[in-house]
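Below is one structure; the comments refer to it alone.
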Amino acid sequence: MGGGLYGHRNIEDERLKEWIKTWDTEDYINFFRNYYGIAMNAEFEDSLAKQVEIVKQAASSTTVSEDRYFFDEVMKYMTPAMFYCYFRYDSSTAYCGNYYEVLIEFADESTKKKLIKGYDYVQTGGITLEKNGEVIGHIGQMSDLFWHTFYDQYIVEDDYGAIEHARNNEKDITLQIWNDKLFENTEQFYKFIEHILFECNINLDLGFKRSRFESASKLRGHATRTQLCLSGIELEETPLRYFNFANYTKIPRHKYLAYYQVLEFFFTRAIKEARFPKPNELLIIKYITNNSMTASEVISWLEEITDRGRHYTVPSEKYPALFPLKATDIVESVATRIYTIRCSLVHSKEAPNDANFIPNLNDEIIDKEISLIKYAAEKVLYKWSNAPE
């Protein structure tokens, strides 16, 4: 069986039946409550439970002829919400029985040109994935299953039912796997995906990377017209370029390190000024931040957005690098948090779980840290630019 648009037809019938049997009605009810914000009552919950039961009954009783596909027949009984609830393995991976499909993207234009015919996605090629002489997956056009599972990421519907496309599904590609015997758990699954991308790069010279849906793509755009009054402040070119480089990438860890390098640029200057007998990086960062911002400025910044203050001040039980900001020593705790996160990004030595932030595994966590390091980099850039060396 091939991949691409009909890749989901590699779902094994018996595995699909067994998987649907595991559907928990409470998951479906809770999904409606959280996703749609619908107030629940007993009658409505009962109707949702019946919807799930209809699919379960269809899966156990449906038989198909040789020229039809079991999934296609059972799918007729499913609601769009069921795809959102049960088929999402994570925020960019579809899952069903023995079948997994991951959103990826071209890492460079060279790879894109090798797989896309023409200039405007006239035809998409593909890569057949084999292991031990067996076809186990495909890279290329997304499946119909993936489209249904993440339909709400591509479509925006207004209050009157009008539909607009927020994202072009024809330009998206996915990695499909339909042999789940190759991994035993979630951790091994993600590792297997990384291994496939690695071998594509090494053996085929084709570069791909994991991708994800961005919530901002569904916001309605505005043709903003505004005015910028340039200040008369002169900023040093090199740290200014480090600061602006953060806008050249969407990768959170790269953004973070770009802003961190603004602080790092002034290390030598700070050591001379402070006359540290035995300077270390944390000590230098504390000195630079203490001389760039005040406690009242940091507190005001935290209070601008309620969730921001909560995020940065509440201790994290899972990630030791997320040092909580403390009211009694707010500026130094900003420096400490920035330093510990920086260490967790640049150090790759073996460490206990969650001590270091791993590429693609912790992007959402790092993304939430960007605003703090950006704020600190801005303050440092203004304060230390053109200061005597």
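The values are calculated or read from the model by the stated rules, or taken from the named source; none is laboratory data. Computed from a predicted model, the values in this text were never measured in an experiment. So basically every Cβ, Gly included, is an ideal-geometry build from the backbone, and we count neighbours across all protein chains shown. Surface areas here come from the heavy atoms of the whole protein model, side chains and all, with no ligands, DNA or RNA. Shrake-Rupley method; radii C 1.70, N 1.55, O 1.52, S 1.80 Å.
Accessible area per residue for the chain, computed on protein heavy atoms with a 1.4 Å probe, is 58 Å².
Taking packing as the residue-averaged number of other Cβ atoms within 10 angstrom, the listed peptides 227-234, 373-380 run from highest to lowest as 373-380, 227-234.
Relative to the longest principal axis of the Cα atoms of the chain, the long axis of helix 42-61 lies at roughly 60 degrees. If the chain linking residue 165 and residue 39 were pulled fully straight, counting 0.36 nm for each residue of separation and taking away their Cα-Cα distance, it would gain 42.5 nm. Can you give the FRET efficiency for residue 90 and residue 21, using 1/(1 + (r/R0)^6), R0 = 25 Å, r = Cβ-Cβ distance, to the nearest 0.05? After rounding, the FRET efficiency stands at 0.65.
Modelled this way, with points 7 Å down the Cα-to-C-beta line, the labels at residue 191 and residue 109 are 3.8 nm from one another.
Carbon-plus-sulfur accessible fraction, the chain (probe radius 1.4 Å, protein heavy atoms only): 48%. The length gained on full extension between residue 158 and residue 307, counted as 0.36 nm times the residue separation minus their Cα-Cα distance, comes to 50.9 nm. For the chain, a Gaussian network of Cα nodes joined below 10 Å ranks 12, 236, 317 by mean-square fluctuation, and the top entry is 317.
Dividing the helix sum by the residues of the chain, where each DSSP H run of 4 or more adds -39500 (n - 2.57), gives a mean residue ellipticity at 222 nm of -13500 deg cm²/dmol. Seen against the Cα atoms of the chain and their longest principal axis, helix 281-290 is set at about 70 degrees. Here residue 182 and residue 234 are evaluated by their C-beta separation; at R0 = 41 Å the FRET efficiency comes out at 0.10. Note on the chain: Kirkwood radius taken over Cα pairs, Stokes-Einstein applied at 20 °C and 1.002 mPa s, translational D equal to 87 µm² s⁻¹. Remark on residue 116: its backbone amide H falls under 5 Å from those of 125, a criterion applied only to residues 5 or more positions apart or on other chains, H modelled at 1.01 Å from N.
With a Förster radius of 35 Å, plug the Cβ-Cβ distance of residue 363 and residue 54 into 1/(1 + (r/R0)^6) and report the FRET value to the nearest 0.05. After rounding to 0.05, the efficiency reads 0.40.
Between residue 386 and residue 244, what length in nm is gained on full extension when 0.36 nm per residue of separation is reduced by their alpha carbon distance?
Values: separation 142, 0.36 × 142 = 51.12 nm, distance 1.79 nm.
Full extension of this stretch gives 49.3 nm more.
Only aspartates and glutamates eight or more places from residue 209 in sequence, or on another chain, were considered; those with a Cα closer than 17 Å are 90, 101, 105, 108, 109, 172, 194, 199, 363, 364.
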